[in-house]
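See structure below.
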Amino acid sequence: MSLEVILGIGEGIRARSVALTAFGADSLVELISALVVLRRFQVGPAGERRAAFLSAILLYIIAVYIVTTSTLGLLVPALRPEASGVGIVLLLIAAIGMPLLGKAKRRLAQSTASAALQADAAQTSICAYMAWIGLGGLLANAIFHVAWADSVAALLLLPLVLREANRARRGELCTCD
């Protein structure tokens, strides 16, 4: 996840790619969420609700970032993204690996009845969806030179991000696959 944060945000900023930067930001949120979950298991279930709520807040932050930067990318020509080979490779690796990690986290969350770990698993699933959708946007920009595809790809993530944020806020179990 640390590599995803560094490469996603760094290359996303360099290429002005909203989808890639959002992916890196989501990886940062996922890393923070994993630390919250680890803390939950160290101190016991007393902090469970608060940990799930913190995960929800982090998801809402990603949603605000996506809306703001996508809108700017669509409206301001100077902020249109460039193609990114590094971003394409990073997102392809994540698109394959994240679904496997998310599935493992969901199984562990069910066996431990941890809403915080369920929220963390949801963030991992969002990371996988972001990777696939972001990959589509980056490939469309690299192959067909349609810079707007990056912002549109990022905006396509909003319903998923908001749904999982609301579930985490309520402490509900994630049903994403």
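The values are calculated or read from the model by the stated rules, or taken from the named source; none is laboratory data. Please read all numbers here as calculations on a predicted model, not as lab measurements. Positions of Cβ are generated from backbone atoms using ideal geometry, with glycine treated the same way; all protein chains shown enter the neighbour counts. What goes into the accessible areas is simple: the full protein's heavy atoms, side chains included, and nothing from ligands, DNA or RNA. Shrake-Rupley method; radii C 1.70, N 1.55, O 1.52, S 1.80 Å.
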For this session: Output the residue which, of all residues in the range 10-38 that are over 15 Å from the mean Cα position of the chain (by Cα) and modelled with pLDDT of 75 or more, is least open to solvent (accessible area, probe 1.4 Å).
Result: Ala15
Exercise. Within the range 136-157, is there a residue that is of a type in the set (D, E, K, R), touching a residue at least 60 places away in the same chain (Cβ under 8 Å), assigned to a helix (DSSP H, G or I) and farther than 30 Å from Ala51 by Cα?
Worked result: yes
Exercise. Among the residues of the range 85-111 satisfying the criterion of being open to solvent by 50 Å² or more (accessible area, probe 1.4 Å) and β-branched (Val, Ile, Thr), which is farthest from Thr21 (Cα to Cα)?
Worked result: Ile96
Exercise. If you go through the range 115-135 one residue at a time, do you hit one that is surrounded by 24 or more Cβ atoms within 10 Å (Cβ to Cβ), at pLDDT 90 or above, over 14 Å from the mean Cα position of the chain (by Cα) and part of a helix (DSSP H, G or I)?
Worked result: no
Exercise. Just wondering, is there one or more residues in the range 67-84 that are open to solvent by less than 10 Å² (accessible area, probe 1.4 Å), of a type in the set (Gly, Ala, Ser), at pLDDT below 90 and part of a helix (DSSP H, G or I)?
Worked result: yes
For this session: Could you check Arg49 against (1) within 18 Å of Leu138 (Cα to Cα); (2) modelled with pLDDT under 80 and say which number it fails?
Result: (1)
